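Written below as structure tokens is the structure these notes are about.
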Number of protein chains: 2
Amino acid sequence: MMRNREWRLERRPEGAVSSTDLVLHDSQIGMPDRGQFLVRVTTVSIDPAMRGWMSPLRSYIPPVALGQPMRAISAGVVIASRHAEFPEGTRVTGLFGLREHALSDGLMEGVGVRRIPDDIPDEVALGTCGLAGMTAYFGLFDVGRPAPGDTLVVSAAAGSVGSAVVQLGRLAGCHVIGVASSRRREAVLGDGAHEVVDYTGGDVDQRLKALCRQGIDIYFDNVGGAVLDAALKRINTGGRVVLCGGISQYNARKPVGPANYLALIGQRATMRGFVYFDYESQFAMAEHRLWDWHRSGALRQRVDIVDGIEHALQAIARVFEGSNTGKQLLRLHGATGGES
Amino acid sequence: MMRNREWRLERRPEGAVSSTDLVLHDSQIGMPDRGQFLVRVTTVSIDPAMRGWMSPLRSYIPPVALGQPMRAISAGVVIASRHAEFPEGTRVTGLFGLREHALSDGLMEGVGVRRIPDDIPDEVALGTCGLAGMTAYFGLFDVGRPAPGDTLVVSAAAGSVGSAVVQLGRLAGCHVIGVASSRRREAVLGDGAHEVVDYTGGDVDQRLKALCRQGIDIYFDNVGGAVLDAALKRINTGGRVVLCGGISQYNARKPVGPANYLALIGQRATMRGFVYFDYESQFAMAEHRLWDWHRSGALRQRVDIVDGIEHALQAIARVFEGSNTGKQLLRLHGATGGES
């Protein structure tokens, strides 16, 4: 048996996640049985989706059960194995949870564990080449269907998904407008956005109007609220609203819908949600492209690392306050990732 | 020159349409030039879409200009012609406007004038085989894509579009649930709905939950508001929300969006708007099918007729109050339609 600290969901949060919702337990984990392997988690991805997984509402994946380890996507290394395909030393990523160790048979919650190549560090495997990058990839290319010359507006453009969407949108030949706070302006321009709209200054509506003279063909939404409404107002005929997230609504006790949704009729536009996990059959293909873009420098990322499993709540809070300055990660003590 | 009374848009309504917004003018119309024909309008279709056409907002078709005749789809008969394809006596339907006579060259506002067969009365040509029926046809089949066994929920199920959607949904093998006021219950069941939910009784949410044990595959929305929110809560994975209208919002000074729109993400569902006029290349095909269903008795309709051009505002008010008991029409004095 090994010591295995893990965060468990003890109560479903109302509003922001608190220390009575998620509690750190000092528990133990056994050695792998035949067909299993033991992973030491080195880095945990802290994602807005976690808020949804804590809620009791039905969704694409069942809620985390009360008393169970909190769900999270992590990277780690196999430290003991009785599974031929995942020998000791293999670097892996999967739904290992917010904890120090996990046992697996190759699946975690029905989703396949994936190998990480030696030249891809944990933070890239969990960032532009992981959930965030692949979410951007499938959302933009499958749901948004960009054509060169399309005007693409991206909210939370400085966030991990948004930053990848901005970069992929440029690769696809779009005119890219990022929505982000003014202090993130340079970062978003650095990712390749042609223009940045500061949502904190109010009047997003007027600024989008001024910048989107050709209207909006694709709006990639991570936030909901006023930005979604402003984008709907300018959506073009046949436009696509890619619903990726609605972080302005996740902690809201009384969520607000997009008042301008009827523009979808006049513009025969589509608003469609999607879920990363649905694309599992295409993960390998997308991952290879993203790795290559990472290797060539075409796809970059910023990371924001909090150290130590005991600081998980702080890392989660950063995501919901929007105070992270890149992909939010939690690095565990004694982590051994690939070279950065 | 002939006397030609016509309703003109003098002011853009705020809230409900009033007698200072639309004003009846006593004017004159000339005889057709070469390539033109003169139509005596016999029946005018009164549609919720008219409210949108009066608004200054950009839409699929330009707003009616102030001082111009109000746009409307009507049926009539050619009473003078210098156009080979539309000889005197031809029964026609088109965007002739809310007036007694119109001159045409075969197009009205860019949309083709269509012939009405002898055995199809005005009210059918303007109802289940006209805008309402074709809107139901394209919305359900192109946007909703029903499969036998799908659960289809239709709001404003007793309305002209809703009633056609219920009937077409049954033809497609769907399990059909209509949302309508309790006094329309029998009418909706008569159209073939398996169940009717009374939206006036409140708690639409609980009733939909009880009736849609398999969730909702297609929600055909004519109303928006609380019914849309309740349907989103039960939408199935891959479900389709067909945005046809939002009559609860048209007269609202402060429109409200669907608070549950984020269900589209968890359920990878699609909300898509559409516009009847986009399907012009398929009108002839759809019309022939609808005529045949009408002739065989598979597609029926209720009509609610107001008599006399001077009562147009009353007919419009009926649509927005929901007090009409079928397709709302305005019959002009001296009308000569086909046999009913």
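Sort out which residues of region A:96-139 are β-branched (V, I, T), within 18 Å of A:M50 (Cβ to Cβ) and in contact with a Leu (Cβ under 6 Å, 6 or more places away or on another chain), and write them in order of number.
Across region A:96-139, the qualifying residue is only A:V111.
Which pairs turn up if I take residues in region A:50-74 that are buried (at least 17 other Cβ atoms within 10 Å of the Cβ) and look for partners that are polar (S, T, N, Q) and at pLDDT below 90 with beta carbon separation below 6 Å, at least 6 apart in sequence or on another chain?
Filtered contacts from region A:50-74: A:G52/A:S59.
Please verify whether A:F96 is assigned by TED's automatic domain parsing to the domain that holds A:E195 and either touching a residue at least 40 places away in the same chain (Cβ under 8 Å) or not β-branched (V, I, T) (or both), treating the condition exactly as stated.
Here the answer is no, as A:F96 does not meet what is asked.
Counting only residues that are of a type in the set (S, T, Y) and at pLDDT 95 or above, which one in region B:28-57 is farthest from B:F86 (Cα to Cα)?
It comes out as B:S45.
Conditions (1) at pLDDT 95 or above; (2) in contact with an Asp or Glu (Cβ under 9 Å, 6 or more places away or on another chain), marked per residue:
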| site | (1), (2) |
| --- | --- |
| B:D304 | no, no |
| B:G308 | yes, no |
| B:A312 | yes, no |
| B:E321 | no, no |
| B:K327 | no, yes |
| B:G337 | no, yes |
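Looking at B:R82, is it modelled with pLDDT under 95 and in the same structural domain as B:R114 (by TED's automatic domain parsing)?
Considered against the rule, which asks whether it is modelled with pLDDT under 95 and in the same structural domain as B:R114 (by TED's automatic domain parsing), B:R82 comes out as no.
Please go through region A:28-45 and give me each residue that is closer than 12 Å to A:G97 by Cβ and either among the hydrophobic types (A, V, I, L, M, F, W, C) or without any contact (Cβ under 8 Å) to a residue 60 or more places away in the chain (or both), ordered by number.
A:I29, A:V39, A:V41, A:V44
Go through A:V78, A:V41 for me and flag whichever is in contact with an Asp or Glu (Cβ under 7 Å, 6 or more places away or on another chain) and closer than 20 Å to A:I316 by Cβ.
A:V41
On the basis of being farther than 30 Å from B:R289 by Cα, crowded, with 19+ Cβ neighbours inside 10 Å and within 13 Å of chain A (Cβ to nearest Cβ), does B:L232 make the cut?
Here the answer is yes, as B:L232 does meet what is asked.
The rows are residues; the columns are (1) more than 18 Å from B:A315 (Cα to Cα); (2) within 14 Å of chain A (Cβ to nearest Cβ).
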position	(1), (2)
B:D26	yes, no
B:G52	no, yes
B:R71	no, no
B:G89	yes, no
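Of everything in region B:181-207 that's at pLDDT 95 or above and over 22 Å from the mean Cα position of the chain (by Cα), which residue is surrounded by the fewest Cβ atoms within 10 Å (Cβ to Cβ)?
It comes out as B:H194.
For region A:275-294, name all the residues that are surrounded by fewer than 22 Cβ atoms within 10 Å (Cβ to Cβ) and either of a type in the set (A, V, I, L, M) or at the interface with chain B (Cβ under 9 Å from one of its Cβ atoms) (or both).
A:V275, A:D278, A:A284, A:M285, A:A286
Of the residues that sit in region A:208-226 and are at pLDDT 95 or above and β-branched (V, I, T), which one is surrounded by the fewest Cβ atoms within 10 Å (Cβ to Cβ)?
It comes out as A:I216.
Which residue, of A:G308, A:G322, is surrounded by fewer than 22 Cβ atoms within 10 Å (Cβ to Cβ), without any contact (Cβ under 8 Å) to a residue 40 or more places away in the chain and on the phi > 0 side of the Ramachandran plot?
Every option except A:G308 fails the conditions.
Among the residues of region A:75-101, which ones are in a loop (DSSP other than H, G, I, E, B), surrounded by 17 or more Cβ atoms within 10 Å (Cβ to Cβ) and not charged (D, E, K, R)?
Answer for region A:75-101, where residues must be in a loop (DSSP other than H, G, I, E, B), surrounded by 17 or more Cβ atoms within 10 Å (Cβ to Cβ) and not charged (D, E, K, R): A:H83, A:F86, A:T90, A:L95, A:F96, A:G97, A:L98.
Scan region A:102-125 and give yes if some residue there is in contact with a helix residue (DSSP H, G or I) (Cβ under 8 Å, 6 or more places away or on another chain), more than 13 Å from A:K327 (Cα to Cα), assigned to a helix (DSSP H, G or I) and touching a residue at least 24 places away in the same chain (Cβ under 8 Å), otherwise no.
Within region A:102-125, not a single residue is in contact with a helix residue (DSSP H, G or I) (Cβ under 8 Å, 6 or more places away or on another chain), more than 13 Å from A:K327 (Cα to Cα), assigned to a helix (DSSP H, G or I) and touching a residue at least 24 places away in the same chain (Cβ under 8 Å).
Taking A:T43 as the residue in question, decide whether it is at negative phi and buried (at least 16 other Cβ atoms within 10 Å of the Cβ).
For A:T43, the condition - at negative phi and buried (at least 16 other Cβ atoms within 10 Å of the Cβ) - is met.
Show me the helices (runs of 4 or more DSSP H) entirely contained within region B:174-289 in which 2 or more residues are of a type in the set (K, R).
Qualifying helices (runs of 4 or more DSSP H): B:204-211.
Suppose we filter region B:152-179 for residues that are buried (at least 24 other Cβ atoms within 10 Å of the Cβ) and in contact with a strand residue (DSSP E or B) (Cβ under 6 Å, 6 or more places away or on another chain); how many remain?
16
From the list B:Q328, B:Q301, exactly one residue is in a strand (DSSP E or B) and surrounded by 18 or more Cβ atoms within 10 Å (Cβ to Cβ). Which is it?
Only one candidate qualifies: B:Q328.
Any residue in region B:34-41 that is of a type in the set (S, T, N, Q) and assigned to a loop (DSSP other than H, G, I, E, B)?
yes
Please determine whether any residue of region B:248-267 is more than 14 Å from chain A (Cβ to nearest Cβ), of a type in the set (S, T, N, Q), surrounded by fewer than 22 Cβ atoms within 10 Å (Cβ to Cβ) and over 23 Å from B:A172 (Cα atoms).
Scanning region B:248-267, I find no residue that is more than 14 Å from chain A (Cβ to nearest Cβ), of a type in the set (S, T, N, Q), surrounded by fewer than 22 Cβ atoms within 10 Å (Cβ to Cβ) and over 23 Å from B:A172 (Cα atoms), so the answer is no.
If a residue has to be more than 26 Å from the chain's Cα centre (by Cα) and either surrounded by 14 or more Cβ atoms within 10 Å (Cβ to Cβ) or of a type in the set (S, T, Y) (or both) to count, how many in region B:8-30 make the cut?
Qualifying residue count for the region: 2.
The values are calculated or read from the model by the stated rules, or taken from the named source; none is laboratory data. Model, not experiment: these values are computed from the prediction. Note that we place each Cβ from the backbone using ideal geometry, even for glycine, and neighbour counts take in every protein chain shown.
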